[in-house]
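Only one structure is covered here, and it is reproduced in the block below.
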Amino acid sequence: MSNIDKETARSYLLEMSKIRHFEEACGRMYMQGKIKGFLHLYIGEEAIAVGAISQLTNQDYVITHYRDHGHALARGMDPNKIMAELYGKKGGSSRGKGGSMHLFDKKLNFMGGYAIVGGHLPIAIGLGLALKKQKKDGIVLCFFGDGAVNEGEFHESMNLAALWNLPVLFYLENNQYGMGTHVKKSSAAADILYKFADLYGMPATRIDGMDVLTVQDSAKEAINKIRTNGGPVLIEAMTYRFKGHSMADPASYREDSEVKQWEDKDPILLFKEYVKENNLLTDIDISNIENEVKVIIQNCLKFAENSPLPDMSVAMDKIYYSDN
Amino acid sequence: MAELTIRESLNKALREALDNNENVFIMGEDIGMYGGPYAVTKGLLEEYGSEKIMDTPISESGFVGAAIGASMAGMKPIVEIMTINFSLLAMDQIVNHAAKIHYMSDGQLSVPIIIRTVTGAGGRMGATHSQSFEGWYASVPGLKVVSPSNAIDALGLFRSAINENNPVIFVEHSMLYGVKNEIPDQYYETPIGLPKVLEKGNDLTLIAWSGMIPLAKLVSTELNKRNINTEIIDLRSLNPIDFELIFESVKKTNKVVILDEYWETGSFGSYISSVIQEKCFDYLDGPVGVINSLNVPMPYSAELEDKVIPNIDRALSKIKELFGF
């Protein structure tokens, strides 16, 4: 495992804590009725977004599924705009027209959260195709879950990426449940999902998605391969969502013991232990980071609360592109 | 003036697009080596090479999604879906993504793609290869849908479509590729959304598009023999539609019949009919007639297919029933 410096340690802990606290705040605001509709929390999976996105440059694209807050935050999206979007307010990233599942930030090449399982994989292929045609150096980091692997679009996209040698990192976040159905009940290849890549001649690896440094190292290696060879790579990160599929899901299909087993691998707790053992951060540093995160979360809630509601002109705007 | 078929005018339109914009590329099934299932892309691979003319696997969702993604990153893809029946495999990409990304991102991203596809019955191709789904796509906010009936509009609409920064579904009719017209030498565009009066008349308004235009002309010829002068309106675009021209015609003739190759239930023609009845009710002498394909999967046999799709006998008897002509 690679050694990291203090600044990187601080950054990883800050980013993971920011996601954790943001998501916890979302959960509370959902219970208060401030946030409505579907809300899918990323709690437990923070190491993946932070570790993988840390290895990108500005020119790279990120595209993801509907559990997208973590990826958006890790890519640098403004928490104020995200929270206001969840509140359905005018100050939101899409002025309240996207919602939790559809965050976008073009300036960051964050190409969106998509809510039809597997539907954004072909779009990721297109982003890669454009990079290739434009002779640009960027890559596409495409997150998806174990549920998407059973969609035809996954296989169509894997084939196209390999056939056309496109710079796409297929990032499979295997949290082991497609909504409430365990991966073993939905895939005949549940134990070896990453091996689908073999059939398309694509390098692939399975990693521990609860350890941010493992995520960082494997992403770095994969991205180097893509930048060197041009072609796609797949990573399967084993992870777990600590909460239900969405706020509407009490997760009664899981044993408490299973949840406990994964909570013991909490990526933030594990990383805190690591940085202390390796003298990267002190208890005071950690407490400072937590205070910093608290302020960020308080501010975004205040921003969302104070943001005005959109009027109907917003609803009727940007249905079609127009020059004026 | 050169005389071109719809097939040739589209080939010309594609060449223009490739010549004028370095971001344009074309992708689809069998458009290159094979020469295009309807030969619209014939010769393009040889001339422009495989970077610009990309043969794709039979993965409709995959390559339509790829076109969407490429367009979001600054390219201008033209996608051919071999027939509109196969577009159902890409419906997620078209309806859930192409139509909504601009809106959901509040204008941050755009999807400037053209999806060319082939609609219609009449080729004895059976139940799964003879459908007319352009009305479905026309009902989706965020998509634009055009469907030319002649070579002039095919070229003109394509030129407008290529200048669009929105997803355009460009619907071609399988039975019309051989239709020939004189194409003006001077550059022109056909605006998306503007219907056209093909024949002027005072007694009855016939509204149709795409594959139903030849039938509208046939009906008009028959009625002319009885001194009934029909006005034929070619919609040309299904979304958007400038209804003013239609309303003007209805206010003049007071009688309307719509020809629509889709089934009776939930047809696009029924939507046009409902708009006319709401906006022009006081001007109408009778109900707005809509003539559709019968509510059955398309049978293969020529004997049966000709009776299932709207035909001259059914059209004339409907007009007689409604207006006594």
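The values are calculated or read from the model by the stated rules, or taken from the named source; none is laboratory data. All values derive from a computational prediction rather than experimental measurement. Glycine gets a Cβ as well: all are built from the backbone with ideal geometry, and neighbour counts include every protein chain shown. To get the accessible areas, we keep the full protein, side chains included, count just its heavy atoms, and leave off ligands, DNA and RNA. Shrake-Rupley method; radii C 1.70, N 1.55, O 1.52, S 1.80 Å.
What is the calculated FRET efficiency for A:E290 to B:N295, with r their C-beta to C-beta distance and R₀ = 51 Å, to the nearest 0.05?
0.20
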Restricting to lysines 8 or more places apart or on different chains, can you count the pairs in the stretch B:220-325 with Cα atoms under 29 Å from each other?
20
Please compute the modelled spin-label separation between B:L194 and A:D137, points set 7 Å along Cα→Cβ, answer in nm with one decimal.
4.9
DSSP loop GluC sites (Glu not before Pro) with at most 15 other Cβ within 10 Å: longest gap in chain B:
B:52-188
I'd like to know which of A:A162, A:I235, A:L129 lies farthest towards the positive end of the charge dipole of chain A, counting +1 on Cβ of Lys and Arg and -1 on Cβ of Asp and Glu.
A:L129
Charge-dipole axis of chain B as Lys and Arg at +1 and Asp and Glu at -1 on Cβ define it, positive-most pick from B:G28, B:I183, B:V79:
B:I183
Under 23 Å from A:K135, Cα to Cα: lysines that are on another chain or at least 8 residues apart
A:K106, A:K107, A:K220, A:K225, B:K52, B:K76
Quick one: P(r) of chain A from all Cα-Cα pairs, 20 Å bins, percents rounded to integers, in order of increasing distance.
32, 60, 8
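Rg over Rh of the protein assembly as shown, using C-alpha atoms and the Kirkwood radius, what does it come to? Before the final figure, lay out each step's value.
Numbers: Rg = 28.0 Å, Rh = 26.9 Å.
Computed over Cα atoms, the ratio is 1.04.
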Can you check what the net charge comes to around A:K133, using other residues whose Cβ is under 14 Å from the Cβ of A:K133 (Lys, Arg +1; Asp, Glu -1)?
+2
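How many percent of DSSP beta bridges within the stretch B:2-183 run antiparallel, rounded to 5?
DSSP beta bridges in the stretch B:2-183 are roughly 15 percent antiparallel.
Enumerate by residue number the trypsin sites (Lys or Arg not before Pro) in the stretch B:212-297 meeting two conditions: DSSP loop (anything except H, G, I, E, B), and at most 15 other Cβ atoms within 10 Å of the site's Cβ.
Answer in residue order: B:R226.
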Excluding residues fewer than 8 positions from A:K260 in its own chain, the lysines with Cα under 22 Å of it are A:K184, A:K185, A:K243, A:K272
Span from the the stretch A:76-101 Cα centroid across to the the stretch B:66-120 one, whole angstrom
25
Estimate the FRET efficiency between A:A190 and A:N165 by the formula 1/(1 + (r/R0)^6), using the beta-carbon distance for r and 30 Å for R0, to the nearest 0.05.
0.55
Computed over the stretch A:6-304: relative contact order in percent, which uses C-alpha pairs under 8 Å that are six or more apart
24
Counting only the heavy atoms of the protein chains, how much of A:I268 is accessible to a 1.4 Å probe, in Å² to the nearest 10?
10
Pull up the DSSP beta bridges for the protein assembly as shown and report the antiparallel fraction as a percent, rounded to 5.
20
Treating only the Cβ of Lys, Arg, Asp and Glu as charged (+1, +1, -1, -1), what charge dipole size does the protein assembly as shown show about its Cα centre? Round to the nearest 20 debye.
780
How long are the three semi-axes of the equivalent ellipsoid of the stretch B:22-67, in whole Å, if each is the root of 5 times an eigenvalue of the C-alpha gyration tensor, listed from largest down?
17, 13, 7
Which of B:N311, B:N227, B:I258, positive extreme of dipole for the stretch B:196-323 (C-beta unit charges):
B:N227
Please give the solvent-accessible surface of A:D198 in Å², to the nearest 10, using a probe radius of 1.4 Å with every protein chain present.
90
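Ranked by accessible surface with a 1.4 Å probe, highest first, in what order do B:L206, B:L284 come?
Numbers: B:L206 0, B:L284 30 Å².
Final ranking, largest accessible area leading: B:L284, B:L206.
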Taking the Cα of B:Y187, stepping 7 Å toward and past its beta carbon, and measuring to each backbone N in the stretch B:136-164: which are under 16 Å?
B:155-164
Once you average over the residues of A:313-320, how many Cβ atoms of partner chains fall within 10 Å of each Cβ?
5
Residue by residue, what Karplus-based ³J(HN,Hα) values in Hz, rounded to whole numbers, does the stretch B:85-98 have, using 6.51, -1.76 and 1.60 with θ = phi - 60° and x for Gly and Pro?
5, 6, 5, 4, 6, 10, 4, 4, 5, 6, 8, 7, 10, 3
Quick calc, the stretch A:6-304, dipole around Cα centre from Cβ unit charges on Lys, Arg (+) and Asp, Glu (-), nearest 20 debye, gives 1300
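Using a 1.4 angstrom probe on the protein heavy atoms only, line up B:W209, A:W164 by accessible area, largest first.
Heavy-atom accessible area, descending, gives A:W164, B:W209.
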Among B:D106, B:D260, what's the order by accessible area (1.4 angstrom probe), most exposed first?
B:D106, B:D260
MRE, 222 nm, helices only [DSSP H, n ≥ 4, -39500 (n - 2.57), over chain B, to nearest 500]
-9500 deg cm²/dmol
Given points 7 Å out from each Cα along the Cα-Cβ axis, report the A:K36 to B:L304 separation in nanometres with one decimal.
5.0
Which entries of A:K81/A:K136; A:K89/A:K136; A:K36/A:K318; A:K97/B:K42 have Cα-Cα distances beyond 32 Å here?
A:K89/A:K136; A:K97/B:K42
Given Cβ point charges of +1 (Lys, Arg) and -1 (Asp, Glu) and nothing else, what value in debye, to the nearest 20, does the dipole of the stretch B:2-183 about its Cα centre take?
280
Points 7 angstrom from Cα along the Cβ direction at A:D5 and B:D19: gap in nanometres?
5.7
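Grab the Cα-Cα distance for B:E321 and B:T221, subtract it from 0.36 nm times how many residues apart they are, and report the gain in nm with one decimal. The partial results should precede the final answer.
On the way: separation 100, 0.36 × 100 = 36.00 nm, distance 1.85 nm.
Going from the current span to full extension adds 34.1 nm.
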Counting Lys +1, Arg +1, Asp -1, Glu -1, what net charge surrounds A:D60 among other residues with beta carbon under 12 Å of its beta carbon?
+2
When the helices in chain A are scored as -39500 (n - 2.57) per DSSP H run of 4 or longer and the sum is shared across all residues, what 222 nm value do you end up with, to the nearest 500 deg cm²/dmol?
-13500 deg cm²/dmol
Percent antiparallel among DSSP beta bridges with both residues in the stretch A:6-304, to the nearest 5?
10
Here the residues of the stretch A:168-185 lying in the modelled label zone of A:T228, meaning backbone nitrogen under 12 Å from a point 7 Å along Cα-to-Cβ, are none
